[in-house]
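Asker: What follows is a structure written as structure tokens; I'll ask about it next.
The values are calculated or read from the model by the stated rules, or taken from the named source; none is laboratory data. These numbers come from a predicted model, not from an experiment. Just the protein is used for accessible areas: all its heavy atoms, side chains included, with ligands, DNA and RNA removed. Shrake-Rupley method; radii C 1.70, N 1.55, O 1.52, S 1.80 Å.
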Amino acid sequence: MNAKIVLLVVGLLAGGLVGYVTRPEAAEIKIGPLSVEVQGDRPAGTRGGELTSGQTQHVALFAGIGALIGFGLGFATDRRRA
């Protein structure tokens, strides 16, 4: 299997996991069309509950960064082999 793809997937999963564990503590209140989100300054850790939109963006950002790092490492390993 191609090293770029493997490292891309590993980076995506690792970044998503780091983003999930370090997501900010938040509460989201929805009343009709109005949506208010309040965030604390501590990580939410592993407490349950649904992810708010801000927390989802946090996890997605970390997953994207992890994927880019993994893809970059895949290119680096491919160049060394050649």
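Asker: What is the spread of the Cα atoms of the chain along each of their three principal axes, largest first, in whole Å?
Answerer: Cα extents, longest axis first: 58, 25, 18 Å.
Asker: Given a 1.4 Å probe, how much area per residue of the chain is accessible, in Å²?
Answerer: Working: 5910 Å² over 82 residues.
That works out to 72 Å² for each residue.
Asker: Share of the chain's accessible area from carbon and sulfur, percent, 1.4 Å? Before the final figure, lay out the partial values.
Answerer: Working: 3990 of 5910 Å².
Reported share for carbon and sulfur atoms: 68 percent.
Asker: OK, next. Mean residue ellipticity at 222 nm from the helices of the chain, using -39,500 (n - 2.57) per DSSP H segment of n ≥ 4 over the full residue count, to the nearest 500 deg cm²/dmol? Mind showing how you got there, number by number?
Answerer: Working: 2 runs with 48 residues, N = 82.
When only DSSP H runs of four or more count, the value is -20500 deg cm²/dmol.
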